[in-house]
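The values are calculated or read from the model by the stated rules, or taken from the named source; none is laboratory data. Remember, predicted model here, so these are calculated numbers, not experimental data. Reconstructed Cβ throughout: ideal geometry from the backbone, glycine too, with neighbour counts over all protein chains shown. Surface areas here come from the heavy atoms of the whole protein model, side chains and all, with no ligands, DNA or RNA. Shrake-Rupley method; radii C 1.70, N 1.55, O 1.52, S 1.80 Å.
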Amino acid sequence: MEGICIRGTGSYLPPKLATNEDFMKIVDTSDEWIVSRTGIKQRHIACEPVWQMGVKAAKAALEDARIPASELDLVLSTSVTSDFSTPGASCMIAQHIEAVNAVCIDINAACTGFVYALDMARMYLTSGEYRNVLIVSPEKLSRITDYTDRSTCVLFGDGAGAAVISASEEKKRFASYLRTDATGTKVLFARHVDKGNPFQEKQKANEFDGFEEHDNEYLYMNGKEVYKFATRVLPLAVEEACKKCGVAVEELKYIIPHQANIRIVKTACERLGVPMDKMYLNVERFGNTSSASIPICVDEVNRRGLLQRGDLVAVVGFGAGLTYGAAVFEW
Ligand code: ACO
């Protein structure tokens, strides 16, 4: 087996919209503040479970790839806002698309999930054992967002992206660079709160290693630290992945970054020395959808016909963990 190809893509955005004006009714904020700090104007909000959004994106990707779900060997879900602790979202989605021959695995790499999954897919496919992998990234950030906290609630949206990755006889270029800076677990997290049991006293505060200050399950973010981290690792990961692939950053047709906020992307662009029009952005319309953000962009780029065979693309993610990484692939 020579390589891998992205055989089909899909996405799904729930119909309900929340605009910046809608947020002005629930917290003390303004359109000007949100747009100037983040570039976001609206985001979609789901009234349905994560797995249902995943099924819709997955079906669109399978249709685009023109293969039946029964030909999938592996379903990888990257959702961090899954409906169940167990079974995984991958199992729920496999059931409803009837991926009867697939192994199902959930990955928790936060906003870098799709990039991690792409590399896992490559390893399974080039081993020769599997032929088709579905990566599905459905997210419902509204589930873990505190809508009384103006500094985080305006950032996030819901949606799903998916891609079918297949083994290819053709040798297409691919390289990835993945890392985790696990010293940063406290910068960005959403914790489970222990519900207690009849045999145990309440867990002592110090056993939580500092996380106990946040005694709820909402997403906590140290915005300034995330900003510093993201603007450092985004250019670094793209450069390292390009180096491994043997291509120059200038040769990339598009860089598809995790859609967190536009200021992060602008700063990273300056550091990379590339023009902003190399960056594919839709954060204005969808906000930050965590691991769904990159595959939603890949699906847009595909459906808009923006790529020709042989074009080089980089995807780059950064998120809780702190995970980060980039992959360069040939279309
Ligand atoms: N509307 C109006 N004012 C607000 C809002 C809001 N929605 N949110 C915060 N403010 C206020 C703050 O309270 C603060 O007021 P104060 O000075 O009176 O205390 C003021 O705005 C400035 O706040 P800062 O935090 O200093 O604002 P900053 O310019 O740093 O921007 C931001 C904040 C946008 C969060 C920035 O730190 C950032 O971009 N961080 C990256 C975070 C991010 O994108 N995370 C994505 C999720 S993580 C991921 O996907 C990997």
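How many residues, within region 1-27, are out of contact with any helix residue (DSSP H, G or I) (no Cβ under 6 Å at 6 or more places or on another chain) and open to solvent by 20 Å² or more (accessible area, probe 1.4 Å)? Working first, answer last.
Going through region 1-27, the residues out of contact with any helix residue (DSSP H, G or I) (no Cβ under 6 Å at 6 or more places or on another chain) turn out to be 2-3, 5-6, 13-19, 21-26.
Subset that is open to solvent by 20 Å² or more (accessible area, probe 1.4 Å): 2, 5-6, 13, 15-17, 19, 21-22, 24-26.
Count: 13.
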(message) Any residue in region 22-34 that is among the charged types (D, E, K, R) sitting within a Cβ distance under 9 Å of a residue that is within 6 Å of the ligand (Cβ to nearest atom) and open to solvent by 60 Å² or more (accessible area, probe 1.4 Å)? List the pairs, counting only those 6 or more apart or interchain.
(response) Asp28/Arg150
(message) Quick check on this structure: which one of Arg271, Arg263 is touching a residue at least 60 places away in the same chain (Cβ under 8 Å), open to solvent by 10 Å² or more (accessible area, probe 1.4 Å), basic (Lys, Arg) and within 16 Å of the ligand (Cβ to nearest atom)?
(response) Arg263
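Is it the case that some residue within region 44-54 is in a strand (DSSP E or B) and either open to solvent by less than 40 Å² (accessible area, probe 1.4 Å) or modelled with pLDDT of 95 or more (or both)?
Applying the first criterion (in a strand (DSSP E or B)) to region 44-54 yields 44.
From what is left, the residues that are either open to solvent by less than 40 Å² (accessible area, probe 1.4 Å) or modelled with pLDDT of 95 or more (or both) are 44.
Checking region 44-54: at least one residue is in a strand (DSSP E or B) and either open to solvent by less than 40 Å² (accessible area, probe 1.4 Å) or modelled with pLDDT of 95 or more (or both).
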(message) Suppose the filter is among the hydroxyl-bearing types (Ser, Thr, Tyr) and either open to solvent by 40 Å² or more (accessible area, probe 1.4 Å) or assigned to a loop (DSSP other than H, G, I, E, B) (or both); does Tyr324 pass it?
(response) no
(request) Take region 118-131 and flag every residue that is among the aliphatic types (A, V, I, L, M) and surrounded by fewer than 24 Cβ atoms within 10 Å (Cβ to Cβ). (result) Met120, Met123, Leu125
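Select from region 207-239 the residues that are within 12 Å of the ligand (Cβ to nearest atom) and of a type in the set (Val, Ile, Thr) and write down the one among them that is nearest to Val187 (Cα to Cα).
Keep residues of region 207-239 that are within 12 Å of the ligand (Cβ to nearest atom), which gives 219-231, 233-234.
From what's left, of a type in the set (Val, Ile, Thr): 226, 231, 233.
On the way: Val226: 7, Thr231: 15, Val233: 15 Å.
Taking the candidates together, the pick is Val226.
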(message) Quick check on this structure: which one of Tyr116, Tyr130 is among the hydroxyl-bearing types (Ser, Thr, Tyr) and within 21 Å of the chain's Cα centre (by Cα)?
(response) Tyr116
(request) Having 2 or more residues that are surrounded by fewer than 24 Cβ atoms within 10 Å (Cβ to Cβ) and touching a Cys at 6+ places or on another chain (Cβ under 8 Å) is the bar; report the strands (runs of 3 or more DSSP E) wholly within region 132-205 that clear it. (result) 158-168, 174-180
(message) Among the residues of region 81-93, are any in contact with a strand residue (DSSP E or B) (Cβ under 7 Å, 6 or more places away or on another chain), within 16 Å of the ligand (Cβ to nearest atom) and open to solvent by less than 60 Å² (accessible area, probe 1.4 Å)?
(response) yes
(request) Spot the failing condition for Cys269; the list is (1) among the hydrophobic types (A, V, I, L, M, F, W, C); (2) in contact with a Lys or Arg (Cβ under 8 Å, 6 or more places away or on another chain); (3) closer than 30 Å to Asp83 by Cα, and only one is missed. (result) (3)
(message) Yes or no: region 252-268 includes at least one residue that is more than 18 Å from Gly39 (Cβ to Cβ), in contact with a strand residue (DSSP E or B) (Cβ under 8 Å, 6 or more places away or on another chain) and outside any loop (DSSP other than H, G, I, E, B).
(response) no
(request) Could you please let me know if Gly246 is away from the ligand (no atom under 11 Å from the Cβ), under 29 Å from Ile144 (Cα atoms) and out of contact with any Phe, Trp or Tyr (no Cβ under 6 Å at 6 or more places or on another chain)? (result) no
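Quick check on Arg7: is it out of contact with any His (no Cβ under 9 Å at 6 or more places or on another chain) and not in a strand (DSSP E or B)? Reasoning before the result, please.
Working: out of contact with any His (no Cβ under 9 Å at 6 or more places or on another chain): yes; not in a strand (DSSP E or B): no.
Taking the combined requirement at face value, the residue does not satisfy it.
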